[in-house]
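Accompanying notes for the structure given below.
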Amino acid sequence: MQSNFTSQCNYDLPAYCNLIQYSRVFRCTNVDSLSGYLLQFEYELSWNNNVVQNDGFNNLTEGNIEIVSDVTNNVMQTLTLTNTQITDLGPDPNPSFPNNHIFRVKFFSDNSQLVPRGYINGDVTGTYSVKLSANFVTDCKQGGGPYYLWLLPVTTYGFTGDRGNDPCKRNEKGWVTPAGSGGTDTNYLIIAGYNALQNLTCGYNSNFIEPSLQEVEYEVDGSNYWLPMINYTASGFFINGTKYIRWDDFAKTGTLPSGNHVIGVRYRNWKYNTSQTGWPIPNSSNACHNIGYFDPNNSIYEYSSYAYEYWIAVNIP
Amino acid sequence: MKTILKPTQTLVYIFVAGLIFFIFSCKKAEFNNEPKVDNGTMEKAKAYIAKQMEKEGGIPEIFVRNQKVNTMWVNDKNEPLSQ
């Protein structure tokens, strides 16, 4: 969704800019050389300029990925991502930045940009680091050469190797179906577990360790008051009627107020410590959950534990 | 024998009856706030999810962060610009 607010075009830098999540999707085929990872990453920033996909002069907002060998420091693969999703979440509530809107900008690689599994999981040569950066264009161009806001590269952590295979250090995707037109035409949202359709047996690499449950919550219009979504398909088990879903369960919000709203949904993984009977509600004694990864070698990194998704102007009937 | 309630006793009965009515009203409101999902809606949701999965190319494994990123204005060669 493109924003419709007016850019200030005064060369201000964003009030903040954070890399909020990155994802890997293992894509497999019958031909091994055509298997590999699709990568995605997403920024959130507060800015007084519109971020646009194309400024009208063929200058594009682009994401960049560099895969670097940890042994030789050589760049092994570079990717330029032009498949972009730009979402304006509305005005920044911080009164210090009255002209700013909050944007989320997400980049997707495609099937021609698969990353070999060795670069993600390590191979006989060693391990690899993934570096992410981006260039944003705005609608401020007034002649002259193109110029960009450059988001300097940052190295991911926890994304590759064994750390990435711990279900309590990542989140599986929860599949949200929006309400209103384009979704279910209902006055509530539905979320499904990460493999709800049970038809993707080849969606992961061989190192995949599955989470036991996903915890799912929602909020309306940026209230930051998170309510549980309700599991309605785990009949006969302890988690039925709670905010915890299995890989093929579904959960729903309560009835939403009619009209246009911004609906936030968040979810995170839980994994039982030991084998359990009857799918009990997880807690810190019987399970681990995603608490956000904290790098002991670099304490400046803040962390979060939930994956967030926002649905703009959901028109609730 | 005719039973005559004292005024205080009557008030207590009225209060208890009101309390029961209030509790059941809340239960009903709570129940009404939980929508029923019919088969048609489930089919629509599954179809929508199938499209999303196809678009994503599989099931994303998400690594959540809140990692600060530095920014600067640059030209098309990523050389810093001054205003």
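Quick notes on this one:
- Residue identified as surrounded by fewer than 17 Cβ atoms within 10 Å (Cβ to Cβ), in contact with a Leu (Cβ under 7 Å, 6 or more places away or on another chain), hydroxyl-bearing (Ser, Thr, Tyr) and under 30 Å from residue A:161 (Cα atoms) among A:72, A:82, A:29, A:78: A:82
- When segment B:42-83 is limited to residues that are of a type in the set (Val, Ile, Thr) and in a loop (DSSP other than H, G, I, E, B), the one that is nearest to the chain's Cα centre (by Cα) turns out to be B:59.
- Scanning segment A:105-131 for residues that are open to solvent by less than 70 Å² (accessible area, probe 1.4 Å), under 15 Å from residue A:79 (Cα atoms) and either of a type in the set (S, T, N, Q) or in a helix (DSSP H, G or I) (or both) yields A:109, A:113, A:119, A:120, A:129.
- Only one of A:162, A:166, A:185, A:248 that is modelled with pLDDT of 90 or more and open to solvent by 10 Å² or more (accessible area, probe 1.4 Å): A:248
- Of all the residues in segment A:194-245, those that are β-branched (Val, Ile, Thr) and open to solvent by less than 20 Å² (accessible area, probe 1.4 Å) number 3.
- Matching option when the condition is of a type in the set (A, V, I, L, M), under 30 Å from residue A:121 (Cβ atoms) and open to solvent by less than 60 Å² (accessible area, probe 1.4 Å), among A:45, A:19, A:34: A:19
The values are calculated or read from the model by the stated rules, or taken from the named source; none is laboratory data. Because the structure is a prediction, the values reported are computed rather than measured. Glycine also receives a Cβ, built like all others from the backbone with ideal geometry; neighbour counts cover every protein chain displayed. Ligands, DNA and RNA are stripped out before the accessible areas are found, and what is left, the full protein with its side chains, is counted by its heavy atoms. Shrake-Rupley method; radii C 1.70, N 1.55, O 1.52, S 1.80 Å.
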